[in-house]
Amino acid sequence: TDPEERERLLVAGLDAAAAIECDSNELLTTCAALAHSSMMLARIGRYEAALEHAARCRVVTAGLGLVEDEMFATAAESIAEWRLRRDPIVLGKVTNTLRVAEHLRHLDILAILQDVEIEILWTLGRFDEARRTLSPMQLSFWGESRRLDNTRLKKELRVKLRHPTVADALTSAD
């Protein structure tokens with residue numbers, strides 16, 4: 001039960017599940033398999049494979065009105081694009097996908113996409129927006145976090161931080 005072997009087998013299984021040829025009887029199964037495998041691949045850090053599965057899903061779902069499968073594929077695509085390229089342009093796609101997820105009552109399933117939204121907003125310096133997307137529990141965690149330490153950064157590099165502590169960042173009105 002080597003972790004690398006376990007991951008290889010998981011990815012091989014996901015690839016096999018999503019490799020179904022598309023005929024009219026298997027179309028819905030194929031879309032669902034591609035959508036969900038793209039999310040699973042994004043979750044385990046297989047971003048290139050997630051992009052591939054998401055793209056295949058979007059081709060199959062085009063014009064069919066399979067909103068849920070499209071949502072999962074777009075979510076996986078957004079996660080993978082952000083993790084691979086760190087391009088904030090993906091924020092629009094993330095926001096739109098989260099709106100669809102809220103409408104379909106799937107926000108709880110897409111918590112990882114909400115985390116990506118917060119990362120992007122924070123990267124862009126849009127701290128107030130990032131704070132508004134945090135749940136009360138997340139705000140409490142970040143407000144009480146003792147694991148973040150920037151002492152060496154300030155002392156050795158003599159960096160002056162706009163928000164020297166997590167509490168300052170959470171309470172500032174940038």
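Structural remarks
- Looking across region 57-104, the residues that are basic (Lys, Arg) and under 20 Å from Arg43 (Cβ atoms) come down to Arg58, Arg83, Arg85, Arg86, Lys93.
- Test: residue in region 71-92 that is in a helix (DSSP H, G or I), polar (S, T, N, Q) and out of contact with any helix residue (DSSP H, G or I) (no Cβ under 6 Å at 6 or more places or on another chain): no
- Scan region 59-114 for residues that are modelled with pLDDT under 90, open to solvent by 50 Å² or more (accessible area, probe 1.4 Å) and of a type in the set (Val, Ile, Thr) and the total you get is 2.
- Within region 36-58, the residues that satisfy the criterion of being open to solvent by 70 Å² or more (accessible area, probe 1.4 Å), within 20 Å of Ala111 (Cα to Cα) and in a helix (DSSP H, G or I) are His36, Met40, Arg43.
- Applying the condition of being at pLDDT below 70 and open to solvent by less than 100 Å² (accessible area, probe 1.4 Å) to region 149-166 and asking which residue is farthest from Phe127 (Cα to Cα) yields Leu153.
- Selection within region 1-35 - in a helix (DSSP H, G or I), small (Gly, Ala, Ser) and either open to solvent by 20 Å² or more (accessible area, probe 1.4 Å) or at pLDDT 70 or above (or both): Ala12, Gly13, Ala16, Ala17, Ala32, Ala33, Ala35
The values are calculated or read from the model by the stated rules, or taken from the named source; none is laboratory data. No experiment lies behind these values; they were computed from the predicted model shown. Note that each Cβ is placed from the backbone with ideal geometry, even for glycine, and that neighbours are counted across all protein chains shown. Accessible surface areas use protein heavy atoms only, side chains included; no ligands, DNA or RNA. Shrake-Rupley method; radii C 1.70, N 1.55, O 1.52, S 1.80 Å.
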